[in-house]
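Visitor: Pasting a structure here, questions to come.
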There are 2 protein chains.
Amino acid sequence: MRILIRGPAVLPRPEELIPRADVVIEGRRYEAVVPRGAASGEFDRVVDGEGCLLVPGLVNAHTHLAMTLVRGVSPDLPLGRWLEEEIWPRERKLTGKDVYWGTLLGAAEAIRSGTTAVVDMYFFMDEAAQALAESGLRGLLAYGIVAPSPDRVEEELRRGEAFAREWDGAAEGRIRTALAPHAPYTCLPAVWRQAVALAHELRVPLHTHLAETAEEVEQVRAEWKTTPAQWLEELGVFSVPVLAAHCVHVAEKDIEILAAHGATAVHCPTSNLRLGCGIAPVPAILAGGVNVALGTDGAASAGDLNMIEEMRLAALLAKAGDPTALPAREVVRLATAGGAAALGLGKELGTIEPGRRADGVLIGTEGPHFCPGHDPVADLVYAAQGGDVRAVFVDGRPLLLDGELQTLDEEKIAARCRQIARRVR
Amino acid sequence: MRILIRGPAVLPRPEELIPRADVVIEGRRYEAVVPRGAASGEFDRVVDGEGCLLVPGLVNAHTHLAMTLVRGVSPDLPLGRWLEEEIWPRERKLTGKDVYWGTLLGAAEAIRSGTTAVVDMYFFMDEAAQALAESGLRGLLAYGIVAPSPDRVEEELRRGEAFAREWDGAAEGRIRTALAPHAPYTCLPAVWRQAVALAHELRVPLHTHLAETAEEVEQVRAEWKTTPAQWLEELGVFSVPVLAAHCVHVAEKDIEILAAHGATAVHCPTSNLRLGCGIAPVPAILAGGVNVALGTDGAASAGDLNMIEEMRLAALLAKAGDPTALPAREVVRLATAGGAAALGLGKELGTIEPGRRADGVLIGTEGPHFCPGHDPVADLVYAAQGGDVRAVFVDGRPLLLDGELQTLDEEKIAARCRQIARRVR
């Protein structure tokens, strides 16, 4: 399949803007980015990109897609009560089939707002992976291992390993797997040690929650006399690639550890605010040389799975005391190349150039909120909406065209998810 | 004109949700909110509201609409350089006609994202008022008086007074006026004293910027030995209704002053973050009994004029350390009834009930980000997008229907604004 995207402005990478170009996709990769009118040859499909901006695919580097099923449940409760009385009782009622539909719903929403790849951790992951494969999204998936007591260690590790083995490389390579011990305070040291050994054996990364709340930091200090990051370092965790979600409460030494080992900190600002966790010190983490990606977290805490919103909030929060912090171009880099690096695909994804995987997002910029267009990158971060996304490509395959989902039956998915929501109420 | 909005969920006020209703508008007011199918009589127009949520009109209680013309200019510069090298030089080149077109652009964007009323302060306000009248929006408008030196006092006051006299009650009463000394640090005491006397005479409120930056607080303390709010109280400013934009750096005593005099604090969280001003202590301001409304500020600092975004950010920021702070229903109240009270129309606007002015916003909720719909108010705050707005009514008149602007020629406005942007570059 050879596709021509005709006439959009193109942001091959955040610091370079081509006002008007033709972009050619051949198979799974970008073939050419040339001046408008200069693309030649035969095309199986021509996509009208006039009045649009083409950007590299947005990577949602930390989420739990199926938590769409509990979106909007009892906002504004204290965190403990919210989890114990509202979220967990509903989650305990979920079946594998429910997670399949919830993941499809999350995928539909993610595609509609410009996401091309997700890093997902949940349970019933076979069903989640099946849904992701059908959606056409790219994913790094893992079963979330929760084993705070010795009796659960082997069973949880077994599930994590089985999933990681079975699905790595599935969906023509779009699905890769990870091992995901849930967090320092929910997994015994034995889990971490075995997960690290397994990750080496399977050559997969680790995905976890790290330093999300002040309570976690206190708890780890009380038990292990150190910080969550330093505790994981002692356990050898950083000997494999790590995606560490949140990193809200990290000290200078923690940042040094993440940087020294090439780990990724996944910034999830909406969820961190909504749950009262605080604000991650992203400028300091970046200054420390850590790769930073952005994520929404699950829709239960974030409200949506909209990476354009996440870019805006990340930029704004960093600026609370300094308007020069985290410039618009830098935040776009985090959401694209930063996410690509987190996936271990820094040389395959994250920019629009010949030879790279053709993951991209075409954003309609005709709305009044993009006018007069002094700086399309500033407008992308500070004015764009998820609903402005017109087309989405992953590995050259259109998942959204002219605002229509190409791989998913949205009405059917929504109807099933509403049924599930009523049942688990 | 009698209009039926058929079948939407209705949020008459934040704490009450009617899952499915018929809403009748007769002339400028709501006539009835009845169960679906129960509306009777003849209708001039029937609006399909199935799958939608009808909410009271959103009030943008602090903005400078024509600053759309400098949207996106040099983001990420230090504030002083940004103003002095980028924004002010462009603003100095603007003509009255430019402000007319820039205000139309801002109005189009505001309507598209669910705003029904704006509180606007700028220059060339005759042209801005003309544009606002054409748009059909409701507005409280004022000429921004800047007079830091004695030679400018009389001329600036004269302009402010002339505008306030000429336009109050225009556009069938949709336009009301205010007097707007720009800020404590840009207006001499003589300005404030005369503006207060004039406000009493004309029976109009005062609109100003208050405690926006730490520098302002320092400057006022150095010169007048007190805080901005206390300084204005000494000048008698709070003897008339006051809309105080920002209130980022307010002390307990300042909050007491605002509350005691029935002033409104207008929270503009996006602009406050973007310009590095900080985060207004909204929960404390509310706890102190102050009326709080929300505003975007101008698009130059906010990036857009999207009140749905502003609701979300206000809710999230308040929760950084406490997930129970500023609940979703409360933030909707600030954006609707809080804004109505700021306009002096607390008994006319802000809720959907028979006899009230028919300002309302119909939001399409079929998108995956509204599914499964456990709590439509949480979804409105945490998931909705400006582009979900399907219809907007002001005084019963449709300004947007089926996603189409009814009063403004969007393409012509955008073309003119792009021309202006090129000229002032």
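Rule-based calculations on the coordinates, nothing more; no lab input. Quick caveat, the model's predicted, so the values are computed rather than measured. Don't worry about glycine lacking a Cβ; one is built from the backbone with ideal geometry, like all the others, and counts go over all protein chains shown.
Visitor: Along each principal axis of its Cα atoms, how long is segment A:58-342 end to end? Whole angstroms, biggest number first, please.
Guide: 47, 43, 40
Visitor: Apply the Karplus parameterisation 6.51 cos²θ - 1.76 cosθ + 1.60, with θ equal to phi minus 60°, to every residue of segment B:397-413 and state each ³J(HN,Hα) to the nearest whole Hz, in sequence, with x for glycine and proline.
Guide: 9, x, 9, 9, 9, 6, x, 10, 5, 9, 10, 10, 9, 4, 5, 5, 4
Visitor: Related question: When Cβ neighbours within 10 Å are restricted to other protein chains, what is their mean count per residue of peptide B:296-302?
Guide: Values: counts 0, 0, 0, 6, 1, 2, 3.
Partner-chain Cβ atoms within 10 Å, mean over residues of B:296-302: 2.
Visitor: For every other residue with a beta carbon closer than 15 angstrom to the beta carbon of B:Gly373, add +1 if it is Lys or Arg and -1 if Asp or Glu, then tell me the sum. If you can, show how the numbers build up before the last one.
Guide: Working: positive: A:Arg71, A:Arg90, A:Arg416, A:Arg418, A:Arg422, A:Arg423, A:Arg425, B:Arg20; negative: A:Glu109, A:Asp304, A:Glu410, A:Glu411, B:Glu50, B:Glu366, B:Asp375, B:Asp379, B:Asp388.
That works out to -1.
Visitor: Just name one of A:Gly80, A:His182, A:Ser40: the one whose Cα is farthest towards the positive end of the charge dipole of chain A (beta-carbon charges, Lys/Arg +1, Asp/Glu -1).
Guide: A:Ser40
Visitor: Can you list the residues, at least 5 places off or on another chain, whose amide H is less than 5 Å from the amide H of A:Gly139, using H built in the peptide plane?
Guide: A:Val118, A:Ile175, A:Arg176
Visitor: Something else now. Within segment A:397-411, which residues have the backbone N less than 18 Å from the label spot 7 Å out from A:Met1 along Cα→beta-carbon, could you tell me?
Guide: Hits in segment A:397-411 for A:Met1 at 18 Å: A:397-410.
Visitor: Just how far, in whole angstrom, is segment B:209-238 from segment B:369-425 if you go by their alpha carbon centroids?
Guide: The distance from the Cα centre of segment B:369-425 to that of segment B:209-238 comes to 37 Å.
Visitor: Something else: Using a label point 7 angstrom from Cα along Cα-to-C-beta, what distances in nm, from shortest up, separate B:Lys412 from the other copies?
Guide: Here B:Lys412 shows inter-copy label distances of 4.7 nm.
Visitor: Shortest first, in nm, what separates the label point of B:Glu42 from those of the same position in the other copies (7 Å along Cα→Cβ)?
Guide: Copy-to-copy label distances at B:Glu42, shortest first: 6.3 nm.
Visitor: A follow-up question, please. Starting from one equal scatterer on each C-alpha and no solvent at all, send me the Debye-based log10 I(q)/I(0) for segment A:72-172 at q = 0.18, 0.21 Å⁻¹, two decimals.
Guide: For the requested q values the scattering log ratios are -0.98, -1.16.
Visitor: A further question follows. B:Arg13's amide H: which non-local residues (gap 5+, or another chain) put their own amide H closer than 5 Å, with H modeled 1.01 Å from N in plane and none for Pro or chain starts?
Guide: Result for B:Arg13 returns B:Ile352.
Visitor: What residues have an amide H closer than 5 Å to that of B:Ala183, excluding those fewer than 5 places away on the same chain, when H is modeled at 1.01 Å from N in the peptide plane?
Guide: B:His209
Visitor: A further question on this structure: Return, ordered by residue number, the residues of segment A:228-252 whose backbone nitrogen is under 14 Å from a label point located 7 Å along Cα→Cβ of A:Ala214.
Guide: Output list for this probe position: A:248-250.
Visitor: Grab the other residues whose beta carbon is less than 14 angstrom from that of A:Gly344, score K and R as +1, D and E as -1, and report the net. Working shown, then result.
Guide: On the way: positive: A:Arg138, A:Arg174, A:Arg176, A:Arg203, A:Lys347, A:Arg357; negative: A:Asp168, A:Glu348.
Charge balance in the 14 Å sphere: +4.
Visitor: Relative to the Cα centre, what is the charge dipole magnitude of segment B:195-234, using +1 at the beta carbon of each Lys and Arg, -1 at the beta carbon of each Asp and Glu, and rounding to the nearest 20 debye?
Guide: Working: 3 positive and 8 negative charges, 33 e Å.
It comes to approximately 160 debye.
Visitor: Ok, one more. Could you work out how far the C-alpha centroid of segment A:28-105 sits from that of segment B:122-195, in angstrom?
Guide: Taking the Cα centre of each part, segment A:28-105 and segment B:122-195 sit 46 Å apart.
Visitor: Right, another one. Per the Kirkwood definition applied to all pairs of different Cα atoms, how many angstroms is the hydrodynamic radius of segment B:1-157?
Guide: Values: mean 1/r = 0.0540 Å⁻¹.
Taking every pair of different Cα atoms in segment B:1-157, averaging 1/r and inverting gives 18.5 Å.
Visitor: Per the helix-only calculation at 222 nm, which mean residue ellipticity applies to chain A, given -39500 (n - 2.57) for every DSSP H run of n ≥ 4 and division by its residues, nearest 500 deg cm²/dmol?
Guide: Working: 16 runs with 151 residues, N = 425.
Counting only the DSSP helices, I get -10000 deg cm²/dmol.
Visitor: Scan segment A:28-70 for GluC sites (Glu not before Pro) in coil per DSSP, keeping those whose Cβ has at most 14 other Cβ atoms within 10 Å, and list them by number.
Guide: Answer by residue number: A:Glu42, A:Glu50.
Visitor: Return the subset of A:Lys253/A:Lys347; B:Lys253/B:Lys347; B:Lys93/B:Lys253; A:Lys253/B:Lys319 for which the Cα-Cα distance in this structure is over 32 Å, preserving the input order. Write down the numbers at each step before the final one.
Guide: On the way: A:Lys253/A:Lys347 29 Å; B:Lys253/B:Lys347 29 Å; B:Lys93/B:Lys253 41 Å; A:Lys253/B:Lys319 28 Å.
Among A:Lys253/A:Lys347; B:Lys253/B:Lys347; B:Lys93/B:Lys253; A:Lys253/B:Lys319, the Cα-Cα distance tops 32 Å for B:Lys93/B:Lys253.
Visitor: In whole Hz, with x marking every Gly and Pro, tabulate ³J(HN,Hα) for segment B:81-92 from phi via Karplus 6.51 cos²θ - 1.76 cosθ + 1.60, θ = phi - 60°.
Guide: For segment B:81-92, the Karplus curve yields 5, 4, 5, 6, 9, 10, 7, 4, x, 5, 4, 5 Hz.
Visitor: Count, for each residue of A:304-311, the Cβ atoms from other chains sitting within 10 Å of its Cβ, then give me the mean as a whole number. Provide the component values of the computation, followed by the final result.
Guide: Working: counts 10, 3, 4, 0, 1, 6, 0, 0.
Mean inter-chain Cβ contacts per residue within 10 Å come to 3.
Visitor: Turning to a different aspect of this structure: Between beta-carbons, use under 14 Å as the cut-off and find the net charge around B:Pro78, counting Lys and Arg +1, Asp and Glu -1.
Guide: Values: positive: A:Lys319, B:Arg81, B:Arg274; negative: A:Asp322, B:Asp76, B:Glu84, B:Glu85, B:Glu86, B:Glu215.
Charge balance in the 14 Å sphere: -3.
Visitor: On average, how many beta carbons from a partner chain sit within 10 Å of the beta carbon of a residue in B:402-414?
Guide: On the way: counts 0, 0, 0, 1, 0, 0, 1, 0, 4, 1, 0, 2, 7.
Shielding by partners across B:402-414 averages 1.
Visitor: Report the Cα-based extents of segment A:353-425 along its three principal axes, largest first, to the nearest Å.
Guide: Extents along the principal axes: 49, 33, 19 Å.
Visitor: Oh, and also: Roughly how large, in nm² to one decimal, is the mean projection of the convex hull of the alpha-carbon atoms in the protein assembly as shown? Mind dumping the intermediate values first?
Guide: On the way: hull surface 134.3 nm².
That works out to 33.6 nm².
Visitor: Sticking with this one: Once both axes come from the Cα atoms, what is the angle between helix B:125-135 and the longest principal axis of chain B, in degrees from 0 to 90, rounded to 10?
Guide: Taking the Cα atoms of chain B, the angle to B:125-135 is about 10 degrees.
Visitor: State, to one decimal in nm and shortest first, how far the label point of A:Ser239 sits from each corresponding label point in the other identical copies (label point: 7 angstrom along Cα-to-Cβ).
Guide: 7.9
Visitor: Find the centroid of the Cα atoms in segment A:273-299 and in segment A:309-366, then give the distance between the two in whole Å.
Guide: 14 Å
Visitor: Karplus couplings for segment B:141-158 from phi (6.51 cos²θ - 1.76 cosθ + 1.60, θ = phi - 60°), rounded to Hz, Gly and Pro as x?
Guide: 10, 8, 7, x, 7, 10, 8, x, 10, x, 5, 9, 4, 5, 4, 5, 4, 4
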